[in-house]
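Everything below concerns the one structure shown next.
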Amino acid sequence: ITAKDLVDASIDRIKEVDDKVKAFITVDEENAQKQAENLDKETETDYKLFGIPGAVKDNIVTKGMLTSCASQFMKNFIDPLYDATVVKKLKDEKSINMGKLNMDEFAMGSTTEHSSFHTTHNPWNTGYVPGGSSGGSAAAVAAGEVLYALGTDTGGSIRQPASFCGVVGMKPTYGRVSRFGAVGFGSSLDQVGPITRTVEDNARVLEVIAGQDKMDMTSAPLEVPSFTEGLTGDVKDLKIAVPKEYLSEAVDPEVKEAVMNALKVYESLGATWEEVSLPHSKYAAAAYYVISSGEASANLARFDGVRYGVRSEKAKDMIDMFKLSRGEGFGDEVKKRMFLGAFVLSAGNYEVYYKKAQQIRALVKQDFDNVLEKYDVIMGPTTPTPAFQLGEKDFDPMVVYARDLTTVPINLAGVPAISVPCGFSKKEGLPFGLQIIGKHFDEQTIYRVAHAFE
Ligand code: GLN
């Protein structure tokens, strides 16, 4: 099989399904074909992703290709001068980037309905959302349009859409992957990670994109192990912790049953499990929205119509220009987060909200440290329910935020976690995922455990 064959197959599939799925914002057909033709002329083919077609979420910077963050404000950002480190690393291993994937605007949301361009549909049932914010990434992989995609996860945005679309999604340990060139949302929480069909593919892509980067101070100075070599299938004597907070009444009975069945599979392979408690989980979503919005309000200050963003044509003076450009450019969800962020950081409110949220964050992290001292991994559902129907986003935002119960604590703690498919809802045929959470920088165990279940 040639690189050209792979790219052509990807283009054919995109043409066949993407007007229904709408996973892409940009498809770069011509360039991809040219790259494939050039690769097929090379004699040296010993690269980790030689000729493999993938795509990246639209908040990851790509030289010469639109990076819009699914925002009208950024629709003119066609020519970033550089590639994000992760994109460069994929190119170095000769992968071919087919284009850029849809998302909630600036990665804020759980459904991809907050994209200012179009809504992505769940490939399993197009009346449902693909999840979010990396909904385009998960849908593109689930629909077979590309072999892998990159997403970003600040509070579940890789794992939740992977769960809703029946694919594998990994949020690496904070610091495992460079954030250079990934547009910042909550910088102390953000991580880039792969979405794929199989655990092995996922391990391979993470192997390529991980590692210390001098352009990102928070990337960890650690060797990247060969994640693919560790996929032995052996989980004998593995100690699994199951937090009771992740199997509360809020969890759909079918999802609960699928998780219990997964635990039985692990038992049959020689692992053991016990119920544990992560007592501060119930405060995690509140703390997450305070911290991530505070950080977002600082990060998004650079979008002012001067340095970045489409400048309003109606402005009469400078202040007017900032106000109108931001007012016209940002969507409602983004504005809501920035108001909240500026509020919790302002004098007088800081102590009451932001500082308190940071204290909760420390307690949440402590919960994980305590459990992971005694157990190898933590397991539970990735999300309490399968995908929501399209249009449900207008429900009470507090209900929407509460759905992040099982995903955001992991970002607050900074630990790695994967979502692997573990079942389908009987009525709508919608998939859901098993979440496997590991120790800091122990993605290797997570991959080994996830692979044993596949
Ligand atoms: N649901 C979360 C939010 O809206 C997910 C964000 C993310 O991980 N990018 O903030």
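I'd like to know if segment 428-450 contains one or more residues that are in contact with a helix residue (DSSP H, G or I) (Cβ under 6 Å, 6 or more places away or on another chain), under 19 Å from A258 (Cβ atoms) and in a helix (DSSP H, G or I).
Yes, that holds for at least one residue.
Give just the number: which of (1) β-branched (V, I, T); (2) without any contact (Cβ under 8 Å) to a residue 60 or more places away in the chain; (3) within 16 Å of the ligand (Cβ to nearest atom) does V141 not satisfy?
V141 satisfies all of (1) β-branched (V, I, T); (2) without any contact (Cβ under 8 Å) to a residue 60 or more places away in the chain; (3) within 16 Å of the ligand (Cβ to nearest atom) except (3).
Filter segment 401-421 down to the residues that are within 13 Å of the ligand (Cβ to nearest atom) and not in a helix (DSSP H, G or I), then identify the one that is nearest to I195 (Cα to Cα).
Quick first cut of segment 401-421, residues within 13 Å of the ligand (Cβ to nearest atom) only: 401-412, 417, 419.
Keeping just the survivors that are not in a helix (DSSP H, G or I) gives 403-407, 417, 419.
Numbers: R403: 21, D404: 19, L405: 21, T406: 19, T407: 16, A417: 12, S419: 9 Å.
The qualifying residue nearest to I195 (Cα to Cα) is S419.
Please work out which residue is nearest to the ligand (Cβ to nearest atom), limiting yourself to segment 152-166 and to residues that are farther than 18 Å from K100 by Cα and touching a strand residue (DSSP E or B) at 6+ places or on another chain (Cβ under 6 Å).
R159
Determine the pairs where a residue that is under 20 Å from K41 (Cβ atoms), located within segment 1-18, has a partner that is of a type in the set (D, E) and surrounded by 20 or more Cβ atoms within 10 Å (Cβ to Cβ) with Cβ atoms under 9 Å apart, the partner being 6 or more residues away or on another chain.
Hits for this filter: S10/E145.
Among I96, I52, which is the only one that is crowded, with 24+ Cβ neighbours inside 10 Å, of a type in the set (V, I, T) and touching a helix residue (DSSP H, G or I) at 6+ places or on another chain (Cβ under 8 Å)? It would help to see each step written out before you state the result.
Details: I52 fails: crowded, with 24+ Cβ neighbours inside 10 Å.
I96 is the lone residue from the list that is crowded, with 24+ Cβ neighbours inside 10 Å, of a type in the set (V, I, T) and touching a helix residue (DSSP H, G or I) at 6+ places or on another chain (Cβ under 8 Å).
Check G184 against each of (1) in a loop (DSSP other than H, G, I, E, B); (2) away from the ligand (no atom under 16 Å from the Cβ); (3) within 25 Å of E443 (Cβ to Cβ) and name the one condition it does not meet.
The failed condition is (2).
If we scan segment 190-199, do we find a residue that is within 15 Å of P416 (Cβ to Cβ), more than 16 Å from the ligand (Cβ to nearest atom) and in a helix (DSSP H, G or I)? Explain how you work it out, then say what you get.
Filtering segment 190-199 down to residues within 15 Å of P416 (Cβ to Cβ) leaves 190-195, 199.
With the extra rule that they be more than 16 Å from the ligand (Cβ to nearest atom), the set shrinks to 199.
Right, trim to in a helix (DSSP H, G or I) and you get 199.
Looking for residues that are within 15 Å of P416 (Cβ to Cβ), more than 16 Å from the ligand (Cβ to nearest atom) and in a helix (DSSP H, G or I), one finds at least one in segment 190-199, hence yes.
Would you tally the residues in segment 329-346 being under 17 Å from C69 (Cβ atoms) and among the aromatic types (F, W, Y)?
At the first step, the residues of segment 329-346 found to be under 17 Å from C69 (Cβ atoms) are 329-338, 341.
This time we only want the ones that are among the aromatic types (F, W, Y), so: 330.
Summing the residues that are under 17 Å from C69 (Cβ atoms) and among the aromatic types (F, W, Y) in segment 329-346 gives 1.
Are there helices (runs of 4 or more DSSP H) fully within segment 280-397 with at least 1 residues that are over 20 Å from A413 (Cβ atoms)? List them.
Numbers: elements: 281-299, 318-329, 332-345, 356-374.
The qualifying helices (runs of 4 or more DSSP H) are 281-299, 318-329, 332-345.
Looking only at residues that are polar (S, T, N, Q) and without any contact (Cβ under 8 Å) to a residue 12 or more places away in the chain in segment 321-352, which one is surrounded by the most Cβ atoms within 10 Å (Cβ to Cβ)?
Start the filter on segment 321-352 by keeping residues that are polar (S, T, N, Q), which leaves 325, 346, 349.
Adding the requirement that they be without any contact (Cβ under 8 Å) to a residue 12 or more places away in the chain leaves 346, 349.
Details: S346: 12, N349: 14.
Ranking the qualifying residues of segment 321-352, first place goes to N349.
Residues of segment 88-114 being assigned to a loop (DSSP other than H, G, I, E, B), within 16 Å of the ligand (Cβ to nearest atom) and in contact (Cβ under 8 Å) with a residue 60 or more places away in the chain, which ones? Can you show your working first?
Applying the first criterion (assigned to a loop (DSSP other than H, G, I, E, B)) to segment 88-114 yields 93-95, 102-104, 108-114.
Keeping just the survivors that are within 16 Å of the ligand (Cβ to nearest atom) gives 102-104, 108-114.
If the condition is that a residue be assigned to a loop (DSSP other than H, G, I, E, B), within 16 Å of the ligand (Cβ to nearest atom) and in contact (Cβ under 8 Å) with a residue 60 or more places away in the chain, then N102, D104, M108, G109, S110, T111, E113, H114 are the ones that fit.
Assuming E275 fulfils every condition listed in (1) within 16 Å of the ligand (Cβ to nearest atom); (2) part of a strand (DSSP E or B); (3) charged (D, E, K, R) apart from one, which condition is it?
All conditions are met except number (1).
Out of D153, D201, I need the residue that is within 11 Å of the chain's Cα centre (by Cα) and of a type in the set (D, E). Which one?
Working: D201 fails: within 11 Å of the chain's Cα centre (by Cα).
None of the others qualify; the one that does is D153.
Could you figure out which of (1) away from the ligand (no atom under 16 Å from the Cβ); (2) within 21 Å of K88 (Cα to Cα); (3) in contact with a helix residue (DSSP H, G or I) (Cβ under 9 Å, 6 or more places away or on another chain); (4) among the small types (G, A, S) isn't true of S134?
(1)
Report the residue count in segment 115-129 for those that are in a loop (DSSP other than H, G, I, E, B), touching a strand residue (DSSP E or B) at 6+ places or on another chain (Cβ under 8 Å) and more than 16 Å from the ligand (Cβ to nearest atom).
5
Of all residues in segment 62-84, how many are under 21 Å from the mean Cα position of the chain (by Cα) and either crowded, with 23+ Cβ neighbours inside 10 Å or assigned to a strand (DSSP E or B) (or both)? I'd like the intermediate steps shown before the answer.
Step one: of segment 62-84, the residues under 21 Å from the mean Cα position of the chain (by Cα) are 62, 65-71, 74, 83-84.
Narrowing the set further to residues that are either crowded, with 23+ Cβ neighbours inside 10 Å or assigned to a strand (DSSP E or B) (or both) leaves 62, 65, 67-71, 74, 84.
Looking only at that region, the number is 9.
Among (1) touching a residue at least 24 places away in the same chain (Cβ under 8 Å); (2) more than 18 Å from G135 (Cβ to Cβ), which single condition is K214 missing?
The one condition K214 does not meet is (1).
Read-outs: derived from the displayed coordinates by stated rules, not from any lab. Note that the structure is predicted; figures quoted are calculated from it, not measured. Don't worry about glycine lacking a Cβ; one is built from the backbone with ideal geometry, like all the others, and counts go over all protein chains shown.
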